[in-house]
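Take a look at the structure below.
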Amino acid sequence: MSNFLTEFKEFALKGNVMDMAVGVIIGGAFGKIVSSLVDDVLMPVIGMITGGLDFTQLTAKVGDATLKYGVFLQNVIDFLIIALCIFLMIKAMNKLMHKKKAEEPAPAPAEPSAEEKLLTEIRDLLKEKK
């Protein structure tokens, strides 16, 4: 049992797990911000453009069931905006990382080993004899 707890502790405290936890928390907060952007800023503008249409109120009756396809459309728009924001953020981060890598000087070539130096000398001597 203690071996299991030790393994779990090592797993839970690894940097990757902690980074993932931070990412999930920030992602949740980011999702709320984007949802507010969609609900409170974009959808009213889209509603004005479409003549006051409120997507969340769009429904269809099929027998006794009411299909709330407007809520689905709202969620699709939320997803697309979140995906666009994440894409733009990752694109910007990749651009910064590429710029950072370009600025780093290339490592100097490694010094040849003694064996490589000796083989090079032998090769050069053989070339001179010909």
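The values are calculated or read from the model by the stated rules, or taken from the named source; none is laboratory data. The structure presented is a predicted model; accordingly, all values stated were derived computationally and were not measured. Here Cβ is always computed from backbone atoms with ideal geometry, including for glycine, and neighbour counts include all displayed protein chains. These accessible areas exclude ligands, DNA and RNA; they are computed on the full protein's heavy atoms, side chains included. Shrake-Rupley method; radii C 1.70, N 1.55, O 1.52, S 1.80 Å.
Structure data summary
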| read-out | value |
| --- | --- |
| Calculated [θ] (222 nm, deg cm²/dmol) that DSSP helices of n ≥ 4 give over the chain, each run adding -39,500 (n - 2.57) | -23500 deg cm²/dmol |
| Share of carbon and sulfur in the accessible heavy-atom surface of the chain [1.4 Å probe, %] | 68 |
| Charge context of VAL76, other residues only, Cβ under 14 angstrom, K/R +1, D/E -1 | -1 |
| Dipole moment magnitude, nearest 20 debye, the chain about Cα centre, only Lys, Arg, Asp, Glu C-beta charged | 320 |
| Percentage relative contact order, the chain, counting C-alpha pairs under 8 Å, at least six apart | 13 |
| 15 Å beta-carbon shell around MET18, net charge (K/R +1, D/E -1) | 0 |
| Net charge of neighbours whose Cβ lies under 13 Å from the Cβ of LYS32, counting Lys and Arg as +1 and Asp and Glu as -1 | -3 |
| Whichever aspartates and glutamates have a C-alpha closer than 19 Å to that of LYS129, once near sequence neighbours (fewer than 8 apart) are set aside | GLU121 |
| Accessible solvent surface per residue of the chain, calculated while the other protein chains remain in place, 1.4 angstrom probe, Å² | 87 |
| For the chain, diffusion coefficient by Stokes-Einstein and Kirkwood Rh (Cα), 37 °C, 0.692 mPa s, µm²/s | 151 |
